[in-house]
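Q: Attaching a single structure in structure tokens format; questions to follow.
The values are calculated or read from the model by the stated rules, or taken from the named source; none is laboratory data. Keep in mind the model is a prediction, meaning the values are calculated, not measured. As a convention, Cβ positions derive from the backbone with ideal geometry for all residues, glycine included, and neighbour counts pool all protein chains shown. Side chains included, ligands, DNA and RNA excluded: accessible areas come from the protein's heavy atoms. Shrake-Rupley method; radii C 1.70, N 1.55, O 1.52, S 1.80 Å.
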Amino acid sequence: MSAPLPLVEPTSTRRRAWWLLVAIHIPFIAFTVAQAGLNLSFAAPSSRDAIPVVLALAAGLIQLRHSLAAAGGVRPRYWRWTLLLLVAIAYAPAAVLGSRWATLQWYVLASLAIFLPLRVALPLGAALAVVHDTWYTIVDARPDFPPSQLMFAFSYWGALQVLGAGGLFAATRLVRFVDELREARAELAELAIERERLRISRDLHDLLGQSLSAVSLKSDLAIRLLERNDIPRAVDEIVTLVSVARSASRDVRDIAHREPPIALSSEIDRAGDLLSSVGTETHVDMAAGTLSPALDELFAWALREGMTNILRHSSATTCSIRIARRDGGVCFEIVNDGVIPGSLGGHGLSGLAARASALSGTAKGDASGDGTFRLVVEVPEVT
């Protein structure tokens, strides 16, 4: 008994598990046709059973249509009319055919549970079952039946309805749950792919952004040194350039196969070498002391992003790197001058903000009117 289903036709992708539902319904339909249509549980069938057989088979097929649609998460077209037809088949012949027709109520109760919300289906189905069971108990009772026998008969008919209708409804929900589980697994797989794509995109930017900027910077520097015939220094820059290129190649392999390792201490050394090669005066203040591995990695990524911005978007002469504890948290800050107007932008800061958010922190960058850029990452101390 679930919420109302949308009025649309089922899609072909939802038919994959319907064979199971059909297989479960076949014994129910066969039993109702044999018991209600052919009257096999009471007497030998006769020619007068033709109409009951047709009606019982029609009711079973209508219920199968209802169940197949519900298993796909939809309502079949004209479901109100087919439900009314099912009610008519289940109850109209009962006065003539007697208790042999009792199992046809399975289909009515199951369809009510399928199509109507719980607050409607539950009391309506219970009322129908009580009236139905009472009527059959009275019809089958003999004058000499004691109260205990009447109670047993009422309980028998009630159990018969609950088991039959409950089995049909449970089979329908089972197939629906199987489809929902398959859809959920497909969504999880898509989310995992998207998460991995975002990781690769973020790591490519954060890792290769600085490396490629360093390659470009050192290539220009080597060319200028060669133009001035300063061969020894040009060779040194080219050697450093080769080292940076090899490091970038390793970074690409790391990104493709696993989360690339990164440490704050090595990033500070690397940043100092890069900034000194372009004549930027660097000040480092590690007042925060020892950091947790998670903070160390986050601040290493922040430093990479800061260095990439300095090399790409500024002609900095000074840069300060500071890590300190304040206001119950740990703060990482990079400040540099020489920001080129209109040069800031890209996805690096958003990727850094996502890394900081994973530790309940924040990351933001602001440029001031005097050409100073400040990158600040703050994380709670509990991390």
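Q: Suppose each label sits 7 Å from its Cα in the direction of the beta carbon; what would the Ser320-Leu204 distance come out to in nanometres?
A: Computed distance between label sites Ser320 and Leu204 equals 3.7 nm.
Q: Hey, can you grab everything whose amide H is under 5 Å from the amide H of Gly329? Only 5+ residues off in sequence or another chain; H modelled, so Pro and N-termini drop out.
A: Result for Gly329 returns Glu381.
Q: Still on this structure, I have one more. Could you state the accessible area per residue of the range 161-300 in Å², with a 1.4 Å probe and every protein chain left in place? Walk me through the numbers on the way to the answer.
A: On the way: 7930 Å² over 140 residues.
For the range 161-300, the per-residue accessible area is 57 Å².
Q: Right, here's the next one. Which trypsin sites (Lys or Arg not before Pro) from the range 55-94 combine a DSSP loop assignment with at most 16 other Cβ atoms within 10 Å? Write out the running numbers ahead of the final one.
A: Values: sites: Arg65, Arg77, Arg80; in loops: Arg77.
Passing both the DSSP loop test and the Cβ count: Arg77.
Q: Within the range 269-375, what whole-number % of the accessible surface is contributed by carbon and sulfur, with the 1.4 Å probe and all protein chains included in the calculation? Could the numbers behind the result be given before it?
A: Details: 2470 of 4890 Å².
Taking all protein chains in place, the range 269-375 shows 51 percent carbon and sulfur surface.
Q: Can you give the alpha-carbon Rg of the range 267-383 over 2.2 N^0.38 Å, where N counts its residues? Numbers along the way, then the final one.
A: On the way: Rg = 13.5 Å, N = 117, 2.2 N^0.38 = 13.4 Å.
The reported ratio for this selection is 1.01.
Q: Then there's this: Pulled fully out, how much extra length does the chain show between Val130 and Val22, if you take 0.36 nm times their separation in residues and subtract their Cα-Cα distance?
A: Numbers: separation 108, 0.36 × 108 = 38.88 nm, distance 2.91 nm.
Here the segment from Val130 to Val22 would lengthen by 36.0 nm.
Q: Apply the Karplus curve 6.51 cos²θ - 1.76 cosθ + 1.60, θ = phi - 60°, to the phi angles in the range 82-93 and return the couplings in whole Hz, x for Gly and Pro.
A: For the range 82-93, the Karplus curve yields 5, 5, 4, 5, 5, 4, 5, 5, 6, 10, 4, x Hz.
Q: Between Ile340 and Arg233, what length comes free when the chain is fully extended (0.36 nm per residue of separation minus the Cα-Cα distance, one decimal in nm)? If you can, show how the numbers build up before the last one.
A: Numbers: separation 107, 0.36 × 107 = 38.52 nm, distance 2.80 nm.
Here the answer is 35.7 nm.
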